[in-house]
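Each remark here refers to the structure printed beneath this line.
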Amino acid sequence: MDTPRAKPDLLIVDDDPLITDTLNFALGRDFSVRAADSRAQVLSLLRQLDHPPQLALIDLGLPPTPHRPDEGFKLINELIAYSPGIKILVLSGQEDETNARHARALGAIEFIAKPCEPAKIKELLLKALQFHAAEASAQAGDGGIIGASLPIRKLREQISQYANAPFPVLIEGESGSGKELVAASLHRLGARATRPLFALNCAAISPTLVEPTLFGYRKGAFTGAATSRAGYFEDAQDSTLFLDEIGELPLELQAKLLRVLENGEYQRIGETESRVSNARVIAATNRDLRQEIRHGRFRADLYHRVSVFTINVPPLRELGDDKRLLLDQFRDFYARQAAVKPFDLDAGAMAMWLEYGFPGNVRELRNIVIRLTTKYAGREVNSEQLQAELDTESMDIDLPGLPVGQDFSAMLEAARKRLQFQKNFNLDRTLQQWEKGYVEAALMITQGNLSQAAKLLGIHRTTLYSRMQNYGAPGETPGPPQ
């Protein structure tokens, strides 16, 4: 008698119980559904699972701001931090095209406007599952780094130089740039390649669970410790331990990690006996750790210990014609997996592809290819069709913050790209977005203190209050200006 195949795991996140119940009923036959109604509940749920779900179907408007997409955007980032391979589909009534494009740039592979028939949702989920399985299979293979540009050639050289060394490596780079792939390549090309690579995302696990996960624990050491258990440093003996988003580690744990890196010693929770690990540590971060040190959030001694070797993964916008190579690679791969003919870009669309900045880096490029493969298999894609998939609203244009002495032509070139790519450009709206960004940054730095934020911005407190009233910037609830 054949053993029934396990159903793929699907996480549904929506604060409307009628929607979650309906989707659970409609999709439960094909998927193992888990539901949550907020970011906090999602994070709590994920920590109880033995492995991350393959698929997520999420709303953007979640508590405590259900009428804004902010919580949904944050959840996309957190889900991808927890499991880079997860396929996220957004099902939302916030169907503004800007929100859809930004969700895709962050890592969602599809945006579905409410209402939508469950049969259509199921079709899109099964297609996403197909791509998830194909990627998991491909990652078990070569996992090479694609590109011929000078930055990628330098990256390959660094990987080759550092792969066999026993010392720690710090990988720095933006979200979506491929830091996990660099870590896997360092392990695969090194002397420890016959052993498994162990990986922990420090941003995706509760701070209270980081220590037992890394160092292990003795039976009875804390509530729920029914048996003794080894930690990652013990499991990774003679192998490699990849600590992703190391900048998220609490300060008290940074001291314990420093001790392991200095002499290999650690203790299981509940034990007094010291153990020794020779695991090679590879760390990664999308933060500026030097800035974190200046703000007292990261230890300087740990930074110097973990960054014996440092590798900077270049953002996709700096890789020139590698965008074409990545397009070819992903287009052929996903067309084969979907058993369809690959799409093609006409001359205008190809020019747009090479000009686009890809704020979500390789992850965004890959997801765009997945959507184009689904929508335009065997067809030629024009510039208008491609533009609908691009997050032109998030393209970086350094207007107010150009370094002193930078050629004015750089600002003109940035503005030219914005005008070329963005439909219905509005100067007033763009300038207001820049202003709002600076106000929100000042409020974040000053923890919502209006007076200090106004001082940072070089304006009077009443002026800041007035402008916040205009566009609803977050911060402390201001009383009448004094």
*Among the DSSP beta bridges whose two residues both lie in the chain, what percent are antiparallel, rounded to the nearest 5?*
10 percent
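With all protein chains present and a 1.4 Å probe, how do Asp59, Asp301 order by accessible area, largest first? It would help to have the intermediate numbers written out before the result.
Details: Asp59 10, Asp301 65 Å².
Output order, biggest surface exposure first: Asp301, Asp59.
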*Inter-label distance, nm, simple model (7 Å from Cα along the C-beta direction), Thr223/Asp346*: 6.5 nm
_Taking 56 Å as R0, compute the FRET efficiency from the Cβ-Cβ separation of Ser451 and Ala377 and round it to 0.05._
0.45
*Filter the DSSP H helices in the chain by two things, a Kyte-Doolittle mean of at least -1.0 and an axial alpha-carbon span of 30 angstrom or more, and list the hits by number.*
118-139
*What nm value, rounded to one decimal, do you get for the distance between Asp288 and Asp332 when each label is placed 7 Å out toward the C-beta?*
4.0 nm
*asked:* Using a 1.4 Å probe on the protein heavy atoms only, what accessible surface does Arg379 show? Give it in Å² to the nearest 10.
replied: 120 Å²
*What figure in square angstrom, to the nearest 10, would you give for the accessible area of Tyr465 with a 1.4 Å probe?*
50 Å²
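Local charge sum around Pro342 (other residues, Cβ-Cβ under 15 Å, Lys/Arg +1, Asp/Glu -1)? Don't skip to the end; give the middle numbers.
Numbers: positive: Arg324, Arg331, Arg336, Lys341, Arg366, Arg371, Lys375, Arg379; negative: Asp328, Asp332, Asp344, Asp346, Glu380.
With Lys, Arg at +1 and Asp, Glu at -1, the net is +3.
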*Given a Förster distance of 51 angstrom, what is the FRET efficiency for Ser466 paired with Leu49, based on the Cβ-Cβ distance and rounded to 0.05?*
0.60
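Could you work out the relative contact order of the chain? I mean the mean sequence separation of Cα pairs under 8 Å and 6+ apart, divided by the number of residues, in percent.
Numbers: 752 pairs, mean separation 59.1, N = 482.
Relative CO of the chain lands at 12 percent.
Can you send over the carbon and sulfur percentage of the accessible area for the chain, probe radius 1.4 Å, protein chains only?
Working: 12140 of 23870 Å².
Of the solvent-accessible surface of the chain, carbon and sulfur hold 51 percent.
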*Per residue accessible area of the chain, 1.4 Å probe, in Å²*: 50 Å²
*Label-reachable residues, the range 184-224, where backbone N falls under 13 Å from a point 7 Å from Asn164's Cα toward its Cβ*: 189-193
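The values are calculated or read from the model by the stated rules, or taken from the named source; none is laboratory data. All values derive from a computational prediction rather than experimental measurement. Positions of Cβ are generated from backbone atoms using ideal geometry, with glycine treated the same way; all protein chains shown enter the neighbour counts. Quick note on the areas: whole protein, heavy atoms, side chains included, nothing else; ligands and nucleic acids left out. Shrake-Rupley method; radii C 1.70, N 1.55, O 1.52, S 1.80 Å.
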